[in-house]
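The values are calculated or read from the model by the stated rules, or taken from the named source; none is laboratory data. Computed from a predicted structure; not experimentally measured. Here the Cβ positions follow ideal geometry from the backbone for every residue, glycine too, while neighbour counts run over all protein chains shown.
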Amino acid sequence: MRQVIFLLVLIFLMSCKKLISPPAINAPNNYLVVNGSIVSGDSTIINLSRTFNITTGAAQPKPELNATVTIEGSQGQSYALTPKNNGNYVSAALNLSAAQTYRLKITTSNGKQYASDFVPLKNAPPVDSLGYAITANGLQINLNTHDATNSTHYYRWDYAETYQVHSEYNSRLIVIDKDTTRLRTADEEIYNCWVTNLSNDIILGSSAKLSNDVISRQQVALIPSNSEKLMVKYSILVKQYALTSDAYNYYTLLKKNTEQLGSIFDAQPSALTGNIHSLSNPSEPVIGYVTAGAITQSRIFVDNGSLPGGWVAYRPYYNGCYIFRELYDDVDPSTGYDTREVQLYVYPGFETPIDTLNYPGPGLKTSKPYCVDCTLRGTNKQPAFWK
Amino acid sequence: MKKIYLSIILLLAVKLLSAQNLPTKAISVNFQNANAEQFAHELELKSGYHFYYDPEKFDSLKVTLQATDKTLDDILNVAFHNTIYHYAIVSAKKQVFLTTGREIRTQVAPGYFNNKPGAVQPIAVAPVTEFTDDVKQPVIEATIENKLYEVGVKTSTIKPGNSTLSGYVKDSKSGSAIAGASITVAGTKAGVITDQFGYYTMVLPRGREVLNIRGLGMKDTRRQIILYTDGDLNIELLQQVTRLKEVKVSGDKVANVRGVELSVSKLDIKSIKQVPAVFGEADVLRVILTLPGVQTVGEATTGFNVRGGAADQNLILLNDATIYNPAHFFGFFSAFNPDIVKDVELYKSSIPEKFGGRISSVLEVTDREGNKKLFTGSAGIGLLTSRLNIEGPIVKDKTSFIFGGRTSYSDWLLNLLPEAYKHSHASFYDLNLDISHQIDKNNNIYLTTYLSNDNFRLNSDTTYNYSNKNANIKWKHNFSNKFFGVFTTGVDRYSYDISSAQVPVDGYKLNFAINQTNLKADFTYYLGSQHTLDFGFSSIYYSLNPGDEEPFGSGSLVVPDVVPGEHALESAIYLGDKYDVTPDLSISAGLRFSIFNYLGAHTVDNYAPNLPRIPANVVDSTTYGANKVIKTYNHPEIRISARYNINDDLSVKAGYNTLAQYIHQLSNSTAISPIDVYKLSDPNIKPQFGSQVSLGLFKNVQANTIETSVEVYYKRINNYLDYKSSAVLLLNQHIEQDVLSTEGKAYGVEFSLRKNTGKLNGWINYTYSRTFLRQDDPNAGELINKGAWYPANYDKPHSFNFAGNYRFTHRYSVSLNVTYSTGRPITLPIAEYYSLGSERVLYSDRNAYRIPDYFRSDFSLNIDGNHKVHQRFHNSWTIGVYNLTGRQNAYSTFFQEQGGIINGYQLSIFARPIPFINYNIRF
C-alpha cells in the first residue's frame, strides 16, 4: 500500500528519481560479526565473520580467520578456542561455574581487540517433552519445558531437522571410469538420502508474565502438510537456550528487523546494539550478542505412517525431470550418421543412468543428475541417531 | 463652498469656544411627513433659532416625529439619526446649520489649543507610504474622526472613575466584523484587540478620550468620545481602497511589542496571496511553512512540525472545526480555499487556555463573514483547479452568507503520462458555506460548514477516497457589555476508504473514520480595567472506526476484518486572567483541567506488569460494556505568559505552558499520508504531555513599520509514540504492541524581521533548532539507539526563509520566496551479514544520516487590472515559476533491489522549474 502512494508521488511529471550512491553505504563497512554462545558442559563453537556492503543479492559470508578467541571468567580463568575452517573457533567441553560471569575475548589477526560484556551463566532447564500436533496448516512441532527454580523465564530455541528423501528415479547403474556402467552396491545407492537443514528463524519464548516458569506447547516449527520433509520420515533436534532479559530483547529486535530496505514509506528500521565492543576503538560497531550457559536438547521422529493419508508431498525440486532414452549407437537412417549418445551424455556425467534399455535399441534410461542422485542435497549414509 | 464652510467653522470655533451651552428650552412638535421647509419653519417658530440650509440638498427630507417637552438638540438628534443629514447648533447666535454628508463641528478638535505634552497627544501620523484613490473625500474622513461621540447616559458633570466601553468594529462596506483590530487609548499604553466577532470591551477613565483604531487591511482611524457612563460604540472602518497594493496597515502594528502572547503569527490572506505557490493558487499551509519555527518533512506533504512537535500535535481549526487532514492531492494543495479565508493564526507557544487537546501548536483558520450589504463574488482559474465564491446579504445588515467552492480537473495532466499511469484518475473538491445572522444587538448566530473530498485511482487499480466533513453552529450572547459568552456545538468527521476490485477474488474495501461531536462554551468577563477573565468548558465525544476491511464486488473471497471501534470523552474546564499590573507589565495566567475517559464497548488486553508489551506477555483481556469508563486520565495544564515594556517599542516576553493530548496519529512513514491511523489513548497507550518555556525580545523600528524579534524556547514532550521496527499500523488489533513511548526535547532560537508596509514588504527569518527523541518506555522491549537521544525525522537545524514582495506600480508587483534548510535525517542500511541462519541487514543508528540540504526559490509577477473602484469586474493575473533554480531537492532516499543488486535512489519532487499562471476575477 505504501508502494502505491509512492507511485502516486512518482507520477507527477515534475518528480525525478536519480541513482545515488550515499557515501555511508559505499564506505567499506567491514564490521566484526560474532555468532555463537558460550556453552557450559559441552564444547563452545564461536563463528567470526565480517559484514559486507549491500551490493549483491546472494553474497558469500566473509569468515574472519586467524583470530585468537578465548573465554574469560570473572575470576581470571581463561579458556582458549581452536581455529577451525570457515571462521569457526571451537573449545573443549568446559565446566563453567554459575558463581562466575564469563565473557568472550577476541584478538583479530590485525591486532584489534574485542570483548563482550561479562554475562551470567544461565543454564537451560531440560526440555520436558518435544511433541507434534497435526493442524490444518501442517505439522506443528511443539515443546514443553519448565524451570522448577523459577529463574529462567526467557528462552530461545534453534533446531536441526533431518528428513529422509527419495530421488525421483531409482538408479540401479553406476558409471565406472567414464566408459562403462555396472550395478550399484548397497553403499552406492543414491535413491534414499537424509537431508539436514538448520533453522533460520529466531524462535523465542517467555514465561515472564506467568507466576510459574513454565513454557507450554511452544511452537518450534511448522511443516506444511504437503512438504517433502514429511514424505518418508522426519526428525528434529531442538536446542534450548536460557537467556537474560537483555538478550531476549536483542533477539526480539533482530527478529523484527527484517531484510527490508528503507523505501520512503517503509517503517523505520533501527540499529541493533549487541553486547560486544571493540577495546581498541569504542565507537566501532560490533555485531552479535554473546550469551552463556548450558544447552539442553531433545529429538523426536515423525514417521509418514502416523500422518493423515491426505497429506501428499509436493516436490517442486523435481520439476523438469524426465526419463531420457540414450542409445549406444543411434544411426540416422537418412544420413547414416551415428550419434553415440551414451558416450556423449552419460559417461561424462551430464546424465545419470537409471537402468538398461532395449528398445528402440541398446542403450540406457537416464535422467538429469538431480532427479536421480539424492546425494546432491543430502547424504546416503544413515545418521548415527537415526532409528 | 467647501472653503467657506471651513472658514465658518474655524471662525465660529474660535468665537464660541467658551459658549457651548446648548438650547435648554423645551418644545413639543408633531411632524407627519414634513418636508425640510415645514420642518425648519416649525422649529424656528418654536425655538426661536434660525435655520440655515441648502433647500436643494434637503429636497428629499421627510420627517415624521412626535416629541413633547424636548430640547431642540434632542429633536434634531432624533430626526437626523442614521441619516446623511447633520446639524450644528450655535446657541450664542441662535443659529442652526443643516448640512448633508459633512458635519459642522462647533468646537475645535481636542488638542487644537492644547499642546501640553501628555494631555492629549496629537495622533501619530502613520508614515505616508501609499497612495489612496480616495482623495476626493478627505473632509468626510476628517469629520468623522473629529466628531465627538457621547457615550453613555449624559450627565452634566462627569464623575471621576472608570466606565466600560464596548461595541463592534465593522467594515463600513460589507458590514462584516473585523477581528483583531486594535483599539488603543491615545497617550496611554492601554488597548484592546477585538475578538473573532469584532467585539471589544475596554475599561477607561470617564471623560474625553481619543481612541486609535487599526484593523488588518483597513485604514487607520480614530474616534473621539466623551464617556459619561458604560456604553456602546460601534466603529466602522474603511477598507484600503487600493486593494492591489499589498500593504497591510496591520492591527498587529503594536501587537508585536504590546501583546502579551509570544510566538503568535497572524497572517491575513493578502500576505498569503503574495507568496508564490506551486500551481499559482495561494496556499495557506505553504505560507505557514515559511514562518520561523515551522518545519516540514517533505515537499509533497502538508503535515508540518512546529518547534519540534510531531505533525499530529497541531490542532488545525477551521472556524472552530477540527480538520484532521488539511491537504488535497497528497499535499499539493491545502484544504483551505484562499478566497474564503480571512486570516490564519498560528500559536507556537502561548496557547490560550481555551484551546487544548494537542501539545504543539494551534493553527486557527478563520473564514470571512459574508458581505452584509451587497452581493459580490470572485473566481479563479488555474492549471489544475478553479474556484468560485459568492457572498451577500440574505437580510440586509442582518444576515449574510458566503459560499466557496473549488474543484480540480487534473485528469488531462495524468493523460499526458506514460501508458503505465494513463488510466489513473485524481480529483478533489471542497465546499464552504457560512451563514451569519444578527438577532439583535446582543445575540449573533454563526453557522459554518465545510466539506472536502479527494478521490484518486492508480492504473485502474486501487481507489482512494478521503473526506473531511464539518458543521458547527455558534451563538454569541452578550450578557452585558462586560460579560459575553460563545456557545458552540458541532460535528467533525474525517474518513477514508481504499478499495480495489482488479482481482475479483481479492476485491476489498477498507474503511476508516473519526467522528467527533463537540460542545463548548467560552465566556469572557471584563473585570475592572486591569483584569480580563476567560473561562469556559468544552467536551468532545470521539467515536472512531479504526479500520474495517470487507469484501468488495461480487466474487470477492476476502474475509471481513474489523478492528473494534473506540469511544472516548475528552472534557476540559478552564479559567484564565489577563492582568495588567501596570501599563508596562501584563500577565496572562490560565489553568485548563482536562479529563479523558476511554469508554466501552471495548475489549482491552491486559499485559503483565513491568514486561514488554509483546504477544507473549498478554495475561488476559477484559471486556467492557457500552459507555463503561475503561480508563480515565486527567491533567492540569498551565498557561502563563507575561510582557514587560522596556520602552514604547521594545518589550520582553516570557511564557510557560503545559499541554496534554489524548488522540495520536499513527504514522511510521516519514510523510503524512491520508491513510494514517488515529488512536485514542487507552489503558496501554498513555496521553502525550508537552511543556515549553520561551523567552522573547520584541522591538519595532522605524515607526512600527519593521517588527523584529528574537525568541528562544525549550520544550519537553512525554509519551510521544514512535514505532518498533516493521510495525504494522493498518488493521492492527493490538497496536500497543507495535508502538514505543518516547520522550522528546526540542530547543531553538528564532530570529525574525517583518516589514508590513512600503513598496518592499515581507519577512525574513532564520531559525536554529534541534529536536531529539529518546526511547524511555521500560516496557517496550527494544531500545532504539541503545536508549540514547536521536534526532527526530523533522530535525533540521538550520532554516532560513525569505518571503518578499516589491511593488513597482499599483498594477505590477513581484514576489520572491527563498527557502533553505538542512536536509532531514534518515536511517540507512549500511551492511549485510549472516547470523542465526539467515542473511541480515545492519542499519545505521536511527536517523544517523541526512539527505542533502534543501534549497528552493520561487518567483511570481502579479498584474492587476485597472484600479477604478467602481467597475463591474476586477481582474488580475499571476504568472510565476516555482523552483526557479530547478534544484533537485531530495524528498527522500531509498533503496530497491533490482536484479539482485541493491541500488540507492534519491527521489525529487518538483525537480525542475515549474511555470504557472492563474487568472482571478472579482465581481
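Please verify whether the stretch A:358-375 includes one or more residues that are free of Cβ contacts under 8 Å to residues at least 60 places away in the same chain, crowded, with 18+ Cβ neighbours inside 10 Å and β-branched (Val, Ile, Thr).
yes
Would a scan of the stretch B:656-670 turn up a residue that is crowded, with 18+ Cβ neighbours inside 10 Å, assigned to a strand (DSSP E or B), at pLDDT 90 or above and touching a Pro at 6+ places or on another chain (Cβ under 7 Å)?
yes
Of all the residues that make up the stretch B:801-839, how many are of a type in the set (S, T, N, Q), surrounded by fewer than 19 Cβ atoms within 10 Å (Cβ to Cβ) and within 14 Å of chain A (Cβ to nearest Cβ)?
1
I want to confirm something. Restricting to the stretch A:279-304 and keeping residues that are assigned to a loop (DSSP other than H, G, I, E, B) and among the small types (Gly, Ala, Ser), which single residue is surrounded by the most Cβ atoms within 10 Å (Cβ to Cβ)?
Taking the candidates together, the pick is A:GLY288.
Has the stretch A:273-294 got at least one residue that is facing chain B (nearest Cβ under 7 Å), within 17 Å of B:GLY787 (Cα to Cα) and at pLDDT below 90?
There is at least one residue in the stretch A:273-294 that is facing chain B (nearest Cβ under 7 Å), within 17 Å of B:GLY787 (Cα to Cα) and at pLDDT below 90.
Return only the number of the condition from (1) at pLDDT 90 or above; (2) crowded, with 20+ Cβ neighbours inside 10 Å; (3) farther than 30 Å from A:ASP373 by Cβ that A:SER235 does not satisfy.
If we test A:SER235 against (1) at pLDDT 90 or above; (2) crowded, with 20+ Cβ neighbours inside 10 Å; (3) farther than 30 Å from A:ASP373 by Cβ, just (3) comes out false.
Can you give me the number of residues within the stretch B:843-876 that are touching a Phe, Trp or Tyr at 6+ places or on another chain (Cβ under 6 Å) and either assigned to a strand (DSSP E or B) or at pLDDT 85 or above (or both)?
Total meeting the criteria: 3.
Filter the stretch A:144-167 down to the residues that are surrounded by fewer than 19 Cβ atoms within 10 Å (Cβ to Cβ) and part of a loop (DSSP other than H, G, I, E, B) and list them by number. Break it down into steps so the answer makes sense when it comes.
Step one: list which residues in the stretch A:144-167 are surrounded by fewer than 19 Cβ atoms within 10 Å (Cβ to Cβ), which gives A:144, A:146, A:148-151, A:160, A:166.
Across the stretch A:144-167, the qualifying residues are A:ALA148, A:THR149, A:ASN150, A:SER151.
Within the stretch A:99-117, does at least one residue satisfy the condition of being under 21 Å from A:VAL39 (Cα atoms) and under 22 Å from the mean Cα position of the chain (by Cα)?
Scanning the stretch A:99-117, I find no residue that is under 21 Å from A:VAL39 (Cα atoms) and under 22 Å from the mean Cα position of the chain (by Cα), so the answer is no.
From the residues in the stretch A:177-206 that are outside any strand (DSSP E or B) and within 13 Å of chain B (Cβ to nearest Cβ), which one is farthest from A:GLU351 (Cα to Cα)?
Restricting to residues being outside any strand (DSSP E or B) and within 13 Å of chain B (Cβ to nearest Cβ), the top hit is A:ILE202.
Only one of (1) out of contact with any helix residue (DSSP H, G or I) (no Cβ under 8 Å at 6 or more places or on another chain); (2) surrounded by 19 or more Cβ atoms within 10 Å (Cβ to Cβ) is not met by A:LEU198, so which one is it?
(2) is the only condition that A:LEU198 fails.
What are the residues in the stretch B:508-525 that are of a type in the set (Gly, Ala, Ser) and closer than 22 Å to B:GLY590 by Cα, if any?
Of all residues in the stretch B:508-525, those of a type in the set (Gly, Ala, Ser) come to B:513, B:521.
Answer for the stretch B:508-525, where residues must be of a type in the set (Gly, Ala, Ser) and closer than 22 Å to B:GLY590 by Cα: just B:ALA521.
Mind checking which residues of the stretch B:209-230 are more than 22 Å from the chain's Cα centre (by Cα) and either in a strand (DSSP E or B) or surrounded by fewer than 19 Cβ atoms within 10 Å (Cβ to Cβ) (or both)?
If the condition is that a residue be more than 22 Å from the chain's Cα centre (by Cα) and either in a strand (DSSP E or B) or surrounded by fewer than 19 Cβ atoms within 10 Å (Cβ to Cβ) (or both), then B:GLU209, B:VAL210, B:LEU211, B:ASN212, B:THR221, B:ARG222, B:ARG223, B:GLN224, B:ILE225, B:ILE226, B:LEU227, B:THR229 are the ones that fit.
Return the residue satisfying two criteria in turn: it lies in the stretch B:577-629 and is surrounded by 14 or more Cβ atoms within 10 Å (Cβ to Cβ) and of a type in the set (Val, Ile, Thr), and of such residues it is modelled with the highest pLDDT.
Here the residue is B:ILE595.
Can you name every residue in the stretch A:198-217 that is under 17 Å from A:PRO125 (Cα atoms) and among the β-branched types (Val, Ile, Thr)?
Across the stretch A:198-217, the qualifying residues are A:ILE203, A:VAL214, A:ILE215.
Tell me which residues, restricted to the stretch B:614-628, are within 13 Å of chain A (Cβ to nearest Cβ) and in a loop (DSSP other than H, G, I, E, B).
Scanning the stretch B:614-628 gives a single hit, B:ILE614.
Mind checking which residues of the stretch A:329-360 are among the aromatic types (Phe, Trp, Tyr) and modelled with pLDDT under 90?
Residues satisfying the conditions are A:TYR337, A:TYR359.
Being among the aliphatic types (A, V, I, L, M) and within 28 Å of the chain's Cα centre (by Cα) is the filter; apply it to the stretch B:836-875 and report the residue that is nearest to B:GLY886 (Cα to Cα).
Selected residue: B:LEU861.
Out of all the residues in the stretch A:207-244, which are within 14 Å of chain B (Cβ to nearest Cβ) and basic (Lys, Arg)?
The answer is A:LYS209, A:ARG217, A:LYS239.
Answer with yes or no whether B:GLY490 is over 30 Å from B:ILE646 (Cα atoms), assigned to a loop (DSSP other than H, G, I, E, B) and among the small types (Gly, Ala, Ser).
Considered against the rule, which asks whether it is over 30 Å from B:ILE646 (Cα atoms), assigned to a loop (DSSP other than H, G, I, E, B) and among the small types (Gly, Ala, Ser), B:GLY490 comes out as no.
Would you call A:ILE141 crowded, with 19+ Cβ neighbours inside 10 Å and under 30 Å from A:GLN60 (Cβ atoms)?
Answer is no for this residue.
Residues in the stretch B:311-331 that are buried (at least 24 other Cβ atoms within 10 Å of the Cβ) and within 20 Å of B:TYR854 (Cα to Cα): how many?
Residues flagged as buried (at least 24 other Cβ atoms within 10 Å of the Cβ) and within 20 Å of B:TYR854 (Cα to Cα) within the stretch B:311-331 amount to 1.
Quick check on my filter: what residues within the stretch B:31-84 are more than 24 Å from B:GLU150 (Cβ to Cβ), assigned to a helix (DSSP H, G or I) and of a type in the set (A, V, I, L, M)?
If the condition is that a residue be more than 24 Å from B:GLU150 (Cβ to Cβ), assigned to a helix (DSSP H, G or I) and of a type in the set (A, V, I, L, M), then B:ALA36, B:ALA40, B:LEU45 are the ones that fit.
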